[in-house]
1. Among the residues of segment 94-124, which ones are loosely packed, with under 14 Cβ neighbours inside 10 Å and in contact (Cβ under 8 Å) with a residue 12 or more places away in the chain?
2. Which condition number in (1) over 16 Å from the mean Cα position of the chain (by Cα); (2) surrounded by 12 or more Cβ atoms within 10 Å (Cβ to Cβ); (3) of a type in the set (G, A, S) is the one that G39 fails?
3. Across segment 111-148, which residue is nearest to the chain's Cα centre (by Cα) among those that are closer than 22 Å to P13 by Cβ and in a loop (DSSP other than H, G, I, E, B)?
4. Return only the number of the condition from (1) surrounded by fewer than 16 Cβ atoms within 10 Å (Cβ to Cβ); (2) modelled with pLDDT under 95 that L68 does not satisfy.
5. Is at least one residue of segment 74-88 closer than 23 Å to L144 by Cβ, at pLDDT 95 or above and either touching a Gly at 6+ places or on another chain (Cβ under 7 Å) or not polar (S, T, N, Q) (or both)?
6. Look at D63 and say whether it is under 16 Å from V137 (Cα atoms) and either in contact with a Cys (Cβ under 7 Å, 6 or more places away or on another chain) or of a type in the set (D, E, K, R) (or both).
7. Go through segment 125-148 and count every residue that is aromatic (F, W, Y) and in contact (Cβ under 8 Å) with a residue 60 or more places away in the chain.
8. For segment 1-17, name all the residues that are in a loop (DSSP other than H, G, I, E, B) and more than 12 Å from G45 (Cα to Cα).
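The values are calculated or read from the model by the stated rules, or taken from the named source; none is laboratory data. Predicted, not measured: the structure shown is a model, and the values here were computed from it. Quick reminder, even Gly has a Cβ in these numbers, built from the backbone with ideal geometry, and neighbours come from all protein chains shown.
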Amino acid sequence: MRLYMDTCCLKRPYDDQMQPRIRAETEAVQIIHDAIEKGKFTWIGSEILNYENSRNPHPERRDEVEALLGQVSEFVELTDEIEHRATQLESLGFAALDALHLASAESAKVSVLLTCDEAFLKIAKRHFDSLQAPVRVQNPITFLEEVV
């Protein structure tokens, strides 16, 4: 199965782990990373992930996420086609960077785009029929509940 994790997932371990939901999402992301290392999933990354990570004001976190991104199996370069598709997604109400992540995931024909961003999840659910198959947008916890 081909997976794409947005920046929100990659940065989840650095959020306040005292909050139960954040701690549960962090654990889910770690389980998914372990499964990727064991070859259960193929991790797809993108130029957008690198761009967002480069803007992280915390050098240690930026370096750790950069090291994680070095483990992706395939890397999607930003193309005119992806930018055009992102513009279409923005017109549906997706935030600009979310639209670029989603367009990149669609281009790579991933099965699931994982995010911890509630707004992204809600709009993706609302516009599920407008997404290019086979991409589904899911929270890491929900994803694990379905594949276990």
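1. Result: K109, A119.
2. (2)
3. My answer is T115.
4. So the condition that L68 fails would be (1).
5. Checked against the condition, which is being closer than 23 Å to L144 by Cβ, at pLDDT 95 or above and either touching a Gly at 6+ places or on another chain (Cβ under 7 Å) or not polar (S, T, N, Q) (or both), segment 74-88 yields at least one hit.
6. no
7. The qualifying residues number 1.
8. Once the filter is applied, which keeps residues that are in a loop (DSSP other than H, G, I, E, B) and more than 12 Å from G45 (Cα to Cα), segment 1-17 yields M1, D15, D16, Q17.
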